[in-house]
Amino acid sequence: MNDRRAFLRGASVLMGSAALGQVLTAFAEAPRKASYFGDSEMRTLRTLVDLILPATDSPAASAADTHYFIDLAIPACASPKAQQTFRAGLKSLAGIQRRKPDAQVAALKARAAQDIELDYDSSFFKILKDYTMTGYFLSEIGATQALAYEKIPGGFKGDLPLQPNQKAWAI
Amino acid sequence: MATSNTFDAIVVGSGMSGGWAAKELCEKGLKTLVLERGRNVRHIEDYTTALKDPWELPHNNRPTNADRKQQPIQSTLYLYDQSTKQFLVDDTKYPYEQAQPFNWYRGYQVGGRSLLWARHVFRFSDLDFEANLKEGVGIDWPIRYADISPWYDHVEKFIGASGENPGLPQLPKQILQPPFEMTALEKHIKREFEKAFTDRRLICSSIAVLSREHNGRGPCQGRNQCARGCPYTAYFSSNGVTLPAAQKTGNLTLQADSIVHSLIYDEAKQRVTGVRVIDANTFASTEYFAKVVFLCASALNSTSILLNSRSARFPDGLGNDSGELGHNLMDHHNGGGATATYSGYLDRYYKGRRSTSMYIPRFRNVTTREEKFKRGYGYEVYSGRGNWTRGVGSADFGADFKNEITRPGQWNIFIEGYGETLPYHDNRIWLSHDKLDQWGIPRLNISMTYRDNERAMAQQMADDAAEMLTAAKLENVKSFNNPIVPGSVIHEMGTARMGRDPKTSVLNGNNQVHAVPNLFVTDGSFMVSSPTQNPSLTYMALTARAADFAVEKLKRGEL
């Protein structure tokens, strides 16, 4: 594994795919205009990222422009095969935004069940989830509202009581 | 830029060893030219990514396909991302030949890899210095712990290191600031080890990261973003610590973008008189002259320079009377280890990002003799509670998933052995004189493989790791034993080894080339064996010791 930063994913994931092992941080500036995906693909993507990370006690993925992050990161960072897989996946779920919430969840669940056994580059759901989570949780909204983030912690305290409702550290 | 071409001393390289050579020689009054092949990196000012939030980093922090194309080797490094890639070379510009697969991670800039290192600083002991002699492996080290001990003191006092002295003979006592604190799980493991073992301990690693202020530097701010360069100078680097000390004397001339092609040898004097330098950008050639030369270009590059310095007296490379130049290449291996989880201590957490590991010191072949392999290994230990990345690989999604994943998960632990590699004569480097880089310098070939001793050790590393985590009552214990590409631990050692006999070694016990008294080599190339411990502290100590020796000899007119 040889990855000093990988251990927080936990022992089971640690031994898994190298592609999943890469820690992604978020977009610098999210343009409101997509540059890679078309308008209808972006509508599908927006629905999908919010299905994965909806509004809870923190904003939904789309509120942090996670779908725009994916629009930038997929063409730049994903392998050619993963890019193809991703585009085909969006096409197969086109129109999901017009379905009822329960049907949306059911459709993505079915897709997840089917894709979870596939290798990373062939698995639309794995790629989608990877980019959604890394895009959102390392955005300013995700890191500071959904999680806890300290740019300069000021030192290290190794053993403190967990505070009520304490969020996990973003990094 | 140098205004004159003649100096008292020339130091080739500005990294871990070069920075120390510069400081010591300058402080002893020598006008010193430091030549760095890469660009200048000014302390703090040029740490352009140091204070970026994740969302501020260009195009996210994940390497792009274009990055991987430009840096196919460097981008496989564990710390490679958008915030660190500027301190690793462009592989397309600096090609090398891999007769056997070898990951050569390089930082060509002022400060070299002292900007990027993992900062562990343990001393070697006589268990290490005597091992070759006792086992009949390779050749004997020409020094013992007593020779280097005062220089370890000297270095530790200056660099400022923190950690824990375990009181074990294999890890001699160091001058250390208080250690960084253990997590709840680490405290648990420490307690369980005390109950289960007499020979195994969990301690905080000795690390060149300040837990307290030291000479106006630090302390560590808990960012764990060291490899971007530290704006608080809380970890030791040449840029932040030794080069400024050298600068302060007024004796330092630091010249970046200066690639040393070869050394100039004077047969009549039997001395080196200087170096031939090619400007990295203009390709102009210049010669610089000095009374003494220190090669500190990193193990493989210092040896390359010697191999490329051919003359009638030294047709096979400068100082290569023994035929050992380029041979006995070593790196550590870290393929064996284990992971586990723990379902307790859910009411404990931590604050800040600790930039060091915990450590399990070597226990194999210390007081007893193993049958399956020679030497030993220590473990780096990393623990923490699961963060959001634990959910990336699952099929779950939605509000419940998000609520779960944004709270601290269970405790995880990852331990990884760092094992000694024996010196094998045919693990080696050599030059292809028919394949030149754009500066006209022959390409380096590398051939290194791990052997039966390392393979047997790696299996034991994995088995011991699982045994220890099980004994500590952890859960889901899984051992691993992964194949390792040599070079991956980034501890290139050997290829210009020290020794007592000029017939079997390149350097003597003062890091002096046997047949060329005014030439010193003080980076990892001098290593005679590859003790378990991380080697940089020893490079620094022997560099300071060699500088002291060289200046004394110079004063007496004996160089």
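The values are calculated or read from the model by the stated rules, or taken from the named source; none is laboratory data. These numbers were taken from a predicted model, which means no experiment stands behind them. Here the Cβ is made from the backbone with ideal geometry for all residues, glycine too, and neighbour counts use every protein chain on show. The accessibility values were calculated without ligands, DNA or RNA, using every heavy atom of the protein model including side chains. Shrake-Rupley method; radii C 1.70, N 1.55, O 1.52, S 1.80 Å.
For chain B, the residue among B:Pro483, B:Ser298, B:Phe197 whose Cα projects farthest onto the positive side of the dipole built from Cβ charges is B:Phe197. Using Cα centres only, tell me the gap between region A:117-171 and region A:76-109 in whole Å. Result: 23 Å between the Cα centres.
Convex hull over the alpha-carbon atoms of the protein assembly as shown: what's its volume per residue in Å³? List each step's numbers first, then the result.
Numbers: hull volume 108.8 nm³, N = 730.
That works out to 149 Å³ per residue.
How high is the relative contact order of region B:278-387, given as a whole-number percent (alpha carbon pairs under 8 Å, six or more residues apart)? After rounding, I find 13 percent.
Computed with a 1.4 angstrom probe on protein heavy atoms, the A-B interface buries about 7200 square angstrom of accessible area in total. Expressed as a whole percent, the accessible area of region B:391-458 that falls on carbon and sulfur atoms is 47 (1.4 Å probe). Rounded to the nearest 500, the helix-only mean residue ellipticity at 222 nm of chain B stands at -6500 deg cm²/dmol, with each DSSP H run of n ≥ 4 adding -39,500 (n - 2.57).
Over all Cα pairs of chain B, how is the pair count split among 10 Å bins, expressed in % and running from 0 up to the last occupied bin? The calculated distribution, bin by bin, is 4, 18, 29, 28, 15, 6, 1, 0, 0. On a 0 to 90° scale, report how tilted helix B:16-27 is relative to the longest principal axis of chain B, with both axes built from alpha carbons and the result rounded to the nearest 10. Between the helix axis and the principal axis of chain B, the angle is about 50 degrees.
Hey, what's the protein assembly as shown come to in accessible area per residue, 1.4 Å probe, Å²?
Result: 36 Å² of accessible area for each residue.
Note the angle between two axes, namely the Cα long axis of helix B:452-471 and the longest principal axis of the Cα atoms of chain B, as a number of degrees from 0 to 90, rounded to the nearest 10. The angle comes out near 30 degrees.
Using a 1.4 Å probe over the heavy atoms of the protein chains, calculate the carbon and sulfur portion of the accessible area of region A:56-171 as a whole percent.
Working: 2570 of 4740 Å².
Carbon and sulfur atoms account for 54 percent of the accessible area of region A:56-171.
Of the solvent-accessible surface of region B:184-282, computed with a 1.4 Å probe and all protein chains present, 43% belongs to carbon and sulfur.
If you build the convex hull over the alpha carbons only and average its shadow over all orientations, what do you get for region B:233-272? Give it in nm² to one decimal.
Working: hull surface 18.7 nm².
Mean projected area of the Cα convex hull: 4.7 nm².
Projecting the alpha carbon convex hull of region B:1-74 along each direction and taking the average yields 7.4 nm².
Residue separation times 0.36 nm, minus the C-alpha to C-alpha distance between B:Glu552 and B:Glu287: what's the value? Display every interim value, and only then the final one.
Working: separation 265, 0.36 × 265 = 95.40 nm, distance 2.61 nm.
Full extension from B:Glu552 to B:Glu287 adds 92.8 nm.
Since only A:Ala103, B:Gln82, A:His67 are under comparison, the one whose Cα sits farthest along the positive direction of the charge dipole of the protein assembly as shown, derived from C-beta charges on Lys, Arg, Asp and Glu, is A:Ala103. Shape call for region A:47-153 from the C-alpha gyration tensor, a ≥ b ≥ c root eigenvalues: rounded (a/c under 1.5), prolate (a/b greater than b/c) or oblate? Oblate, because a/c is 1.5 or more while a/b does not exceed b/c.
Each part reduced to its alpha carbon centroid, region B:506-522 and region B:22-72 end up 30 Å apart. Taken as Cα centroids, region B:111-167 and region B:437-490 sit 21 Å apart, rounded to the nearest whole angstrom. The GluC sites (Glu not before Pro) of region B:184-290 that DSSP puts in a loop, and whose beta carbon has at most 12 other beta carbons within 10 Å, are B:Glu267.
Cα-Cα pairs above 19 Å in region B:102-165: how many percent?
Here the long-distance tail beyond 19 Å is 55 percent of all Cα pairs in region B:102-165.
The shape of region B:418-532 can be summarised by an equivalent ellipsoid whose semi-axes, obtained from the alpha carbon gyration tensor, come to 36, 19, 12 Å from longest to shortest.
Note down the Stokes-Einstein diffusion coefficient of region B:476-543 in µm²/s, whole number, using a Kirkwood radius over alpha carbon pairs, 10 °C, and 1.306 mPa s.
Details: Rh = 13.6 Å.
For the chosen part, D equals 117 µm²/s.
In terms of its Cα atoms, region B:217-304 spans 56, 28, 24 Å along the principal axes, sorted from long to short. In this Cβ point-charge picture (+1 for Lys and Arg, -1 for Asp and Glu), the protein assembly as shown has a dipole of about 940 debye about its Cα centre. Loop-located trypsin sites (Lys or Arg not before Pro) in region A:71-171 (DSSP state other than H, G, I, E, B) with a sparse environment of at most 11 neighbouring Cβ atoms within 10 Å are absent. Residues of region B:199-228 whose accessible area, computed with a 1.4 Å probe over protein heavy atoms, drops by at least 30 Å² once all protein chains are present relative to their chain alone are B:Gln221.
Using +1 on the beta carbon of Lys and Arg, -1 on that of Asp and Glu, and nothing else charged, what's the dipole of chain B about the Cα centre, debye to 20?
Details: 65 positive and 61 negative charges, 167 e Å.
Dipole size: approximately 800 debye.
Across region B:453-551, Cα pairs under 8 Å and at least six residues apart give a relative contact order of 20 percent.
Cross-link list A:Lys157/B:Lys473; A:Lys33/A:Lys91; A:Lys129/B:Lys473; A:Lys81/B:Lys69; A:Lys129/B:Lys85: which exceed 28 angstrom alpha carbon to alpha carbon?
Details: A:Lys157/B:Lys473 24 Å; A:Lys33/A:Lys91 20 Å; A:Lys129/B:Lys473 34 Å; A:Lys81/B:Lys69 16 Å; A:Lys129/B:Lys85 26 Å.
Correct reply: A:Lys129/B:Lys473.
Any idea what angle helix B:145-159 forms with the longest principal axis of chain B, computed on alpha-carbon atoms, 0 to 90 degrees, nearest 10? Rounded to the nearest ten degrees, it is 70. Its Cα centre serving as origin, region B:396-463 has a Cβ charge dipole (Lys and Arg +1, Asp and Glu -1) of approximately 260 debye.
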